[in-house]
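Presented below is the structure to which this report refers.
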Amino acid sequence: TILILDFGSQYSHLITRRCREHKVYAELMPCTTKLKDVHFKPKGIILSGSPYSVYDKDSPHVDPEVFSFGVPILGICYGLQEMAWNLQGKVAKCEHREYGYAQIQISKVGDSGSSVDALFDGLGEEMQVWMSHGDQLSELPPNFHVIGRTSSAPYAAIAHDSKPFYGIQFHPEVTHSPRGKEVIGKFILNICGCQQNWTMEEFIGKEITRIREICGPKGRVIGAVSGGVDSTVAAKLMHEAIGDRKVVLGTKCRLILTPISQTYRFHAIMVDNGVLRMNEAQQVFDMLNKDLGVNLTVVDASDLFLSRLDGVEDPEKKRKIIGNTFINVFEEEAAKIEAEAEEEEKKGAEAKGRVEWLLQGTLYPDVIESISFKGPSATIKTHHNVGGLLKDMKLKLIEPLRELFKDEVRALGRLLSIPAPLVQRHPFPGPGLAIRILGPVTRDQVKILQQADSIYIEEIRKAGLYDQISQAFAVLLPVKAVGVMGDARTYEQVIALRAVQSEDFMTADWYAFPPAVLKRISSRITNEVSGINRVTYDISSKPPATVEWL
Ligand code: XMP
């Protein structure tokens with residue numbers, strides 16, 4: 001395992017990713033972490049970049065123990081400066097902040113000056129790298145030497161004369177440093193000697209064992225399922241661990257897991273809030289129960305949700321109502337399961353235990369956000385989740401995906417035999433169609449939007465474009481426009497179509513559809529959806545727009 005100490009750089013999580021791409025497990029922790037509190041023994045430590053300067057009064061610093069811990073260290077950007085600052089080098093402001101591409105010349109080192117350092121071994125004499133810094137090393141710390149320089153940074157890469165300590169000014173973790181991943185590989189594989197044994201199969205096996213251990217032979221888990229990738233994968237994993245398993249792992253997975261005797265200790269609950277996509281609840285029910293064998297109950301609470309949403313236009317109010325109502329319904333269902341458990345215990349029947357755990361599909365980016373040494377980053381948005389349940393219900397949280405990135409969750413889903421169309425599904429917001437109906441939410445408005453949305457997605461799939469688009473959906477506008485149908489004048493509502501491409505949804509570009517596809521979608525929506533006579537396409541990027549309209 002590699003320990004990455006985070007000083008708050010926007011790229012820190014990418015370092016973790018690159019290590020895992022080399023099949024080496026890496027964990028990101030706040031830079032202020034004391035080594036004695038780290039729950040594993042790292043084979044190497046990477047110090048990340050940071051928006052700070054080492055000489056700022058409030059700048060973050062590592063536990064000095066890091067430098068006597070006896071494992072290799074790689075400092076990246078601020079990490080290099082932090083290393084120098086701790087080891088008596090000098091750091092100064094650059095005359096001009098350096099941001100962008102640079103060419104690094106790899107220095108010949110060693111006694112005869114004929115080889116390159118192990119960090120750059122086999123990577124040639126020159127590399128394109130990405131720089132993003134305002135400070136740089138102005139004086140080498142004692143016992144260090146230069147292993148790479150650029151035209152503006154004489155100490156762009158340094159190494160200790162005898163210890164495995166390295167510092168690089170550039171960012172190897174970003175794709176703009178094309179050979180950066182190899183540099184990270186040289187460090188973690190050759191210098192730290194890590195084994196490449198972090199695979200998804202390994203992960204599944206360990207996680208299932210962990211879940212069984214922490215839940216014990218009794219103790220039920222409940223979890224909310226939305227039909228999205230994360231909650232489905234989390235539910236399926238839970239089912240494999242402590243559910244009544246009819247379906248065992250996919251053929252690609254070589255693990256042999258012992259079945260367990262208790263049944264239905266995991267209860268997945270899907271709340272139909274009345275603002276789901278067309279036939280969504282039924283489809284999710286069929287897939288989880290019938291195809292995946294997961295014990296899922298669908299609760300139709302659409303009347304309650306729609307009555308509470310009646311007349312509400314403000315998007316934040318809509319979100320709040322949906323979030324709170326969700327909690328109410330979920331709690332009620334959990335209480336029913338708990339009552340059932342109590343009843344069983346009284347009868348002395350083979351008890352399946354009390355509800356002790358709440359499953360959450362938390363992903364690594366959410367974890368990273370919450371471990372940040374400065375608290376949550378302002379740029380990351382946390383949306384509705386079921387965290388609010390915890391206070392009253394006193395449930396313990398179980399988060400089997402907390403170490404994974406989204407694409408790793410997808411890979412896990414595939415290994416767990418979750419059908420590809422679900423694994424590749426576009427995200428769908430918790431408040432559902434309520435934030436895509438711009439005016440008040442009524443059953444009629446929901447129906448119109450469901451129909452338009454369903455045609456839109458169907459045509460995107462037919463055109464083979466679904467996987468190229470990160471998220472596509474229809475929005476129902478609260479305006480009426482004039483149209484003509486046959487000989488008659490119409491005065492009906494407008495649908496806006498949205499499709500974006502995005503890496504992480506923090507920024508997004510609108511998707512350039514082939515015109516023929518848009519034409520077909522528009523024609524089908526205006527012909528088949530009663531109440532709509534006009535379709536528009538949203539050509540706004542994020543920023544300045546957001547992905548959703550509300
Ligand atoms: P925005 O509109 O913020 O959307 O650019 C970025 C991503 O977040 C999703 N989104 C939400 N997801 N609850 C959710 O679960 C919400 O309230 C919510 N609002 C936006 C949006 O669909 C997109 O994927």
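In the chain, the DSSP beta bridges split such that about 50 percent are antiparallel, to the nearest 5. Quick check for you: which residues of region 74-113 have the amide N under 13 Å from the point 7 Å beyond the Cα of Lys163 toward its beta carbon? Correct set: 74-75, 83-89. Cross-link reach is defined here as a Cα-Cα straight distance under 29 Å, omitting same-chain residues fewer than 8 places apart; for Lys519 the lysines meeting it are Lys447, Lys462, Lys480, Lys542.
Can you work out the FRET efficiency for the pair Arg443 and Glu213, with r the C-beta to C-beta distance and R0 = 35 Å, to the nearest 0.05?
Values: r = 47 Å, r/R0 = 1.33.
The value I calculate is 0.15.
Given R₀ = 60 Å, FRET efficiency for Lys519-Asn324 by Cβ-Cβ distance, to 0.05?
Values: r = 42 Å, r/R0 = 0.70.
So, using R0 = 60 Å, E works out to roughly 0.90.
In terms of the mean number of neighbouring beta-carbon atoms within 10 Å, the peptides 534-543, 291-300 order highest first as 291-300, 534-543.
What are the equivalent ellipsoid semi-axes of region 202-246, built from the alpha-carbon gyration tensor (square roots of five times its eigenvalues), in whole angstrom, biggest first?
Values: eigenvalues 62, 35, 17 Å².
After diagonalising the Cα gyration tensor, the semi-axes are 18, 13, 9 Å.
What Kirkwood hydrodynamic radius do you get for region 148-198 when you take the inverse of the mean 1/r over all pairs of distinct Cα atoms, in Å? Let's see the in-between values first.
Working: mean 1/r = 0.0821 Å⁻¹.
By the Kirkwood definition, the hydrodynamic radius is 12.2 Å.
Remark: relative contact order (region 1-160) = 19 percent; criterion is Cα-Cα distance under 8 angstrom and separation of 6 or more residues. Using a cutoff of 8 angstrom between alpha carbon atoms and counting only pairs six or more residues apart, the relative contact order for the chain works out to 11 percent. Straight-distance candidates among the lysines for linking to Lys317, with alpha-carbon spacing under 16 Å and chain neighbours fewer than 8 residues away dropped, are absent. A dipole drawn for the chain from +1 and -1 charges on Cβ atoms has a positive end, and of Phe285, Ala102, Leu476 the residue lying farthest that way is Phe285.
Roughly how many percent of the accessible protein surface of the chain is carbon and sulfur, given a 1.4 Å probe and a whole-percent answer? Walk me through the intermediate numbers first.
Values: 12670 of 24960 Å².
Ligands and nucleic acids excluded, carbon and sulfur reach 51 percent.
With everything on Cα atoms, drop me the angle between helix 443-462 and the longest principal axis of the chain, reported from 0 to 90° to the nearest 10. That helix lies at roughly 50 degrees to the long axis. Between Leu123 and Ser541, the simple label model (points 7 Å from Cα in the Cβ direction) yields a spacing of 3.0 nm. Label positions at Thr175 and Met485, each projected 7 Å from the Cα along the C-beta direction, are separated by 4.4 nm. The eigenvalues of the Cα gyration tensor, multiplied by 5 and square-rooted, give region 432-506 an equivalent ellipsoid with semi-axes of 26, 16, 11 Å from largest to smallest.
Normalising by residue count, region 48-134 has a Cα convex hull of 133 Å³ per residue.
For the listed residue pairs Lys43/Lys406; Lys186/Lys406; Lys218/Lys346; Lys206/Lys236, the alpha carbons are over 18 angstrom apart in Lys43/Lys406; Lys186/Lys406. The value obtained for the chain, namely the Cα convex hull volume divided by the number of residues, is 182 Å³ per residue.
Take the alpha carbon gyration tensor of region 264-342, find the square roots of its eigenvalues, order them as a ≥ b ≥ c, and report rounded if a/c is under 1.5; if not, report prolate when a/b exceeds b/c, else oblate. If you can, show how the numbers build up before the last one.
Working: a/c = 2.99, a/b = 1.49, b/c = 2.00.
Taking the square roots of the gyration eigenvalues as a ≥ b ≥ c, region 264-342 is oblate.
To the nearest 10 degrees, how steep is helix 515-528 against the longest Cα principal axis of the chain, on a 0 to 90 scale? The angle comes out near 30 degrees. Normalised by the number of residues in region 391-520, the average gap of Cα pairs under 8 Å and 6 or more apart makes the relative contact order 17 percent.
Using Cβ point charges alone (K and R +1, D and E -1), the dipole size of the chain about the Cα centre works out to roughly 560 debye. Toward the positive end of the charge dipole of the chain, with +1 on the Cβ of Lys and Arg and -1 on the Cβ of Asp and Glu, the farthest Cα among Ala334, Val174, Met506 is that of Ala334. Heavy atoms of the protein chains alone define the surface here; on that basis the chain has 45 Å² accessible area per residue at 1.4 Å probe size.
Compute the helix-to-body angle for 406-415: its Cα long axis versus the longest principal axis of the chain, expressed 0 to 90° and rounded to tens. Once rounded, the angle reads 70 degrees. The label point for Leu304 and the one for His145, both projected 7 Å from the Cα toward the Cβ, are 7.2 nm apart.
Answer rounded, prolate or oblate for region 54-197, using the Cα gyration tensor with square roots of eigenvalues a ≥ b ≥ c: rounded when a/c is under 1.5, else prolate when a/b is larger than b/c, else oblate.
Details: a/c = 1.36, a/b = 1.11, b/c = 1.23.
Taking the square roots of the gyration eigenvalues as a ≥ b ≥ c, region 54-197 is rounded.
The values are calculated or read from the model by the stated rules, or taken from the named source; none is laboratory data. Since we're looking at a predicted model, the values are computed, not measured. Cβ coordinates were reconstructed from backbone atoms using ideal geometry, including for glycine residues, and neighbour counts include every protein chain displayed. The protein model used for the area step is the full one, side chains on, heavy atoms only, and it has no ligands, DNA or RNA in it. Shrake-Rupley method; radii C 1.70, N 1.55, O 1.52, S 1.80 Å.
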